[in-house]
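Before any comments, here is the structure.
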Amino acid sequence: MTYTIYLAVIGVVIYSCGFALSLWKQKNKPGAFVIVVLSVIALVLPYFTYIK
Amino acid sequence: MKQTKGKMGIREFAAILFLLIGTKITDDTPTYLYSGAKNAAWISMLLISMALIIPTILLLKVLSVHKGKNLHEINLYLFGKVIGNMVSFTLLILGLLTIVMDSSVYVDIIGTMYFTKTPTIAIFAVLMCVSAYGAKKGVEHIGSVAWLVFFYTKVTLIVALFFTFKEGNSKLLFPILGPGVGGIVKTAAQKLSIFGDFFYAGLIAPFVATFKDFRRGMFLTYLILTVELTVALMLFVMLFDFTSVEILNYPFHETIRYIQIGFLTNVETLFFPFWLVATFIRFSFYIYLFVLLLGGIFKIREFEYLIPLVTVIFILLGIAPETPLITISENRDMTLQVLSPLLFVLPCVMWIIAKIRGDFKNESSV
């Protein structure tokens, strides 16, 4: 189950980072930065909330 | 998946609000009212409704002179860029807490009452993924689906409440003032944010066809929901008495398990599917509002691309508490208390600033 969760999270993070990249190219740096921060939060959250 | 950029009519808008706030009677919200106001919880509900009528009118007044702008844009206009963004960010964080805790409660309801053997993470994933799909389709679709299921959800609720009334005992409503006027007023003041969704609805004001529809939708739902929630709170006391209803976490679900329709038992299977659809719509709308506000604050125009990411974060935060019944109810009670004064004061402050700035002078769009 842990692998499935991480796989799903990584998929969503890749998708979101792609969007962050497109925002960066549109000169919306704060927006891109927020998405990257949220992506990092999404990556570390399973460790604290699911695996523990 | 393309989002439609059309507008909603009064039907769709009202249906969303009905499902958004109407479903609160089916979760653990009544418990917070019963724990403070005992058998007079229904009077607290009436007081909440009466207390929030002025902020709601003031909010509508402010929205009426800023047609085409949503709540965040009005915040920026009235408070300035820095404070406006801070106000919106506070609303965003409180919205995040609300979504995480509400979703935990709904997953707990499904997990403890209906799907007892299914892992929590699986229920959470299904609930939030379906809601995220709805949110991704856009607010117009959410409105259409809400209107489609509105009739069925309300009919099943009325049937449930009718049979509750038949089996209830009206003497249990007495003494009418429960713990006394002080207790009732205190509970009402602390739980004002039960109607907080009316304030957040300002975020979708530009998506409603005309402002007249928006205003009429707000007043119509406000009135009917007040009656609906008050009657439901009375009927739960009539069925269980306040000593029992106080310790029931989900009175509605206990009610539909308790009542019998003629020779039919286990009638909860009749109500559950409609409640589930209403839940999906509720969280779809919450996710949509969250990404709309997040996109507004950080100037992300195509905010719908944020939906998968925020949904993952909601799921991962929502599964954190090991004992949702205890942890969530404590935290949810605290969130309701923090949100209550904010949702009462903010529309008043917005109206005062708009008045000082002279926005109401010609009552035209600014």
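Every number in this text was worked out from the coordinates using simple rules, so none of it is lab data. All values reported here derive from a predicted model rather than from experimental measurement. We place every Cβ from the backbone using ideal geometry, glycine too, and count neighbours over all the protein chains shown.
Averaging the sequence gap over all C-alpha pairs within less than 8 Å and six or more residues apart, then dividing by the number of residues, gives region B:198-315 a relative contact order of 17 percent.
Distance between the pseudo-spin-label points of A:PHE33 and B:ILE356 (7 Å out from Cα toward the beta carbon): 3.0 nm. Neighbours of B:TYR250, meaning other residues whose beta-carbon lies under 15 angstrom from its beta-carbon, give a summed charge of -4 when Lys and Arg score +1 and Asp and Glu score -1.
Put in line by how crowded their Cβ is, counting other Cβ atoms within 10 Å and starting with the fewest, A:LYS27, B:LYS212 read A:LYS27, B:LYS212. From the Kirkwood radius over Cα pairs of region A:2-51, Stokes-Einstein at 10 °C and 1.306 mPa s returns a whole-number translational diffusion coefficient of 141 µm²/s.
By the beta-carbon count within 10 Å of each Cβ, the least crowded to most crowded order of B:THR279, B:THR269, fewest first, is B:THR269, B:THR279.
Phi angles of region B:254-267 translate, via the Karplus equation with coefficients 6.51, -1.76, 1.60 and θ = phi - 60°, into HN-Hα couplings of 5, 4, 6, 7, 7, 6, 10, 10, x, 8, 7, 10, 6, 6 Hz per residue; Gly and Pro are given as x.
Taking other Cβ atoms within 10 Å as a rough exposure proxy, A:ILE41, B:ILE319 sort from fewest to most as A:ILE41, B:ILE319. Applying D = kT/(6 pi eta Rh) to region B:4-127, where Rh is the Kirkwood radius over alpha-carbon pairs, T corresponds to 20 °C and eta to 1.002 mPa s, the Stokes-Einstein value obtained is 120 µm²/s.
Averaging the sequence gap over all C-alpha pairs within less than 8 Å and six or more residues apart, then dividing by the number of residues, gives chain B a relative contact order of 39 percent. Dipole orientation for chain B: of the candidates B:LEU239, B:ALA160, B:ALA14, B:ALA14 has the Cα lying most toward the positive pole (charges on Cβ; Lys, Arg +1; Asp, Glu -1).
Residue by residue, region B:70-84 carries 3J(HN,Hα) couplings of 8, 4, 5, 5, 5, 4, 4, 5, 7, 9, x, 5, 6, 5, x Hz when phi is fed to the Karplus relation 6.51 cos²θ - 1.76 cosθ + 1.60 (θ = phi - 60°); x denotes Gly or Pro.
Note: relative contact order over chain A, using C-alpha pairs below 8 Å and six or more positions apart, is 41 percent. Scanning chain B for GluC sites (Glu not before Pro) in DSSP loops with at most 15 neighbouring Cβ atoms within 10 Å leaves B:1-301 as the longest stretch between them. Taking amide H positions as modeled 1.01 Å from N, with prolines and chain starts lacking one, the residues under 5 Å from B:MET8 and 5 or more places away or on another chain are B:VAL208, B:ALA209. Here the label points at B:LYS186 and B:PHE89, each 7 Å from Cα along the C-beta direction, are separated by 3.6 nm in the simple model.
Partner shielding of A:32-45 amounts to 3, given as the average count of beta-carbon atoms from other chains within 10 Å of each residue beta-carbon. The count of lysine pairs in region B:26-91 that are at least 8 places apart or cross chains, and whose C-alpha atoms lie under 30 Å apart, stands at 4. Shape summary: the protein assembly as shown maps onto an equivalent ellipsoid whose semi-axes, from the alpha-carbon gyration tensor, are 34, 28, 19 Å in decreasing order. Between the C-alpha center of region B:287-364 and that of chain A there is a gap of 21 Å. Put simply, region B:258-366 fits an ellipsoid with semi-axes of 37, 22, 19 Å; these come from the alpha carbon gyration tensor as the roots of five times its eigenvalues, largest first.
With R₀ fixed at 41 Å, the C-beta to C-beta distance from A:SER22 to A:MET1 puts the FRET efficiency at about 0.80. Let's test this: bin the Cα-Cα distances of region B:10-349 at 20 Å from zero up to the farthest pair and state each bin's percent. For region B:10-349, the pair-distance distribution reads 31, 61, 8, 0.
What's the local net charge at A:LYS27, with K and R +1, D and E -1, over the other residues with C-beta under 14 Å away? Neighbour charge sum, excluding A:LYS27 itself: +4. Backbone geometry of region B:346-355 corresponds, through the Karplus equation with coefficients 6.51, -1.76 and 1.60 at θ = phi - 60°, to 3J(HN,Hα) couplings of 4, x, 5, 5, 4, 5, 4, 5, 4, 5 Hz, x marking Gly and Pro.
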